[in-house]
1. List the residues, sorted by chain then number, that are 5 or more residues from B:G107 or on another chain and whose placed amide H is less than 5 Å from its amide H.
2. Let me check against my output: what whole-number percent is the relative contact order of the range B:80-154, with C-alpha pairs under 8 Å and at least 6 apart?
3. If you rank B:S32, A:S224, B:S10, B:S138 by fewest surrounding Cβ atoms within 10 Å, what's the result?
4. For a Förster distance of 30 Å, can you work out the FRET efficiency between the beta-carbons of B:H69 and A:R255, rounded to the nearest 0.05?
5. With each label point set 7 Å from Cα along the Cα-Cβ vector, what nm distance links A:I124 and A:R139?
6. Evaluate the distance, in nm, between pseudo-label points positioned 7 Å from the Cα of A:W248 and of A:L183 along their respective Cα→Cβ axes.
7. What value, in deg cm²/dmol to 500, does the helix sum -39500 (n - 2.57) over DSSP H runs of n ≥ 4 give at 222 nm once divided by the residues of chain A?
8. What is the fewest-to-most order of B:L23, A:L249 by other Cβ atoms lying within 10 Å of their Cβ?
Amino acid sequence: MSELLVRHRGLIALSARETVRVMKIWTMTIVAPILSSFLFILVFGLSLGGRLKEVQGVEYQVFIVPGLITMAMIQAAYANNSTSVFQARFDRYINDILAAPMKPWEVNLALSIGGIVRALLIGIGLLVCALAVVDVPVRHPFELIVAVTFALALFASFGVIAGIYAHSWDHTAFVTNIVILPLTFLGGVFYSVDRLPSPWHEISHANPIFYLLNAIRYGFLGISDVSVLLSLGVTGALAAAMVAWSSWLFRTGHRLKP
Amino acid sequence: MPPPPALAISGLTKRYDNGFQALDSLDLEVPSGAFFGLLGPNGAGKTTLISAVCNLIRVTAGEVRVFGHEHATYAARSLVGLAEQDVNLDRFLDVEETLLYHGGYYGMDRAHARRRAGEMMDVFDLRAKAGVRAPHLSGGMRRRLLLARALMHEPRLVILDEPTAGVDFELRMELWAYIRRLHCEGTTILLTTHYLEEAEELCEEIALLRGGRLLARDSADGLRSSFDADSLADAYVKAMSIS
């Protein structure tokens, strides 16, 4: 074990650096997203929830919690890593990392850790806040852990990739605002896709975040618009693709090294 | 058997994606323990050469060996310290953290890194700024920290890319004194500079680069003699004007 730690000191140091970055600006990286998502629970759940019918046998204010936790976590994993990597490229201190005796997979993993830690802290924090006002069960913990693992791998790697390809700060924000946020809302954070009329019902099934939301909602509430195996399969395949892409970028130096 | 050279470069070629050829089949050997200068105009290939040694670019062709090790290996990377021309410090870290994390990236254990960071802060007069983040340091302090970071993991080959660019006279003298001391302790120094007097004052041997090719290499006296010049500046101008 200790030999393993010695061999991977670079990985540990860079992972620690990414985590320290998150914690140094914790009001922005942790508290703000928890607060904004909690406001959704208060406004949409408690204020309007009483006027809405149950969804798939679950009270509305409970139904939306897994989706809001998912949305906050994936946005944090993506935003953290895209900005951290882009900042490192922009200020050129990434050269200190690329010149160091670390393997490409170590650099890739370490740069992903910050987003994963941040997303987990937000997810746990938001769940704790939600439990103060609504009763959210965890019906299938194994499926929940697998779904969260896939979600974090997918969006942490996506963030690293975006940070590597971005030419400006606008590019990283563009993906959040134009891709992730709309797909998350349309993936069924606030409603069951089963209630949508055709063709919106069918179109929603082409949205990859729909499967991720349903996998995590199944883990919490035991309900899903599609088979949990299909949800986990789609999310796992996308996560594998993103991890493979980011690994390739670090292995070849494409876009990182001129 | 003689020790391997600090740097052995053969047939090094770099053509960037936009077609610009920065290095053209360059051969260069820097002996272990040397104080070696690289001179040339902007675009001569000095920074590209350094970037190739430090694995910061993808080389098009050729081979780079550091103390006998292929440059991309763990062993080679551990032996090289780089202070880049631009101040590229991590804005989220303070002075001490910058040194500690750098030590971690290079495999130093926490206690060793802490001890070495303390030494570096003392040597470069950074102790009073230990808790200050890089963006809040003065230009001179940032330059000191850059050098301290490059030396943190005790490299055998230290590459200094225009280390005194834009610094005041006092700091330049201080940095010269420290670099000289480092060389006296056996560290190989590869220095690029636009200040000819700096190269003449510090370097035992100087290579003149232009258009990614090696024009000449010799001591300052040797270059003056080869180009029939009164000063290194004259020799430089004559070398660069050869078509």
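Read-outs throughout are calculated quantities, based only on the coordinates presented, and are distinct from any laboratory measurement. Nothing here was measured: the structure is a model prediction, and the numbers come from that model. Positions of Cβ are backbone-derived with ideal geometry, glycine not excepted, and every protein chain shown enters the neighbour counts.
1. A:G10
2. About 49 percent, as a whole number.
3. Ordered from fewest to most neighbouring Cβ atoms within 10 Å, B:S32, A:S224, B:S10, B:S138 come out as B:S138, B:S10, B:S32, A:S224.
4. 0.65
5. Calculated label separation equals 2.6 nm.
6. It is 1.7 nm.
7. So the helix-based figure for chain A works out to -22000 deg cm²/dmol.
8. Going from least to most buried by this count: A:L249, B:L23.
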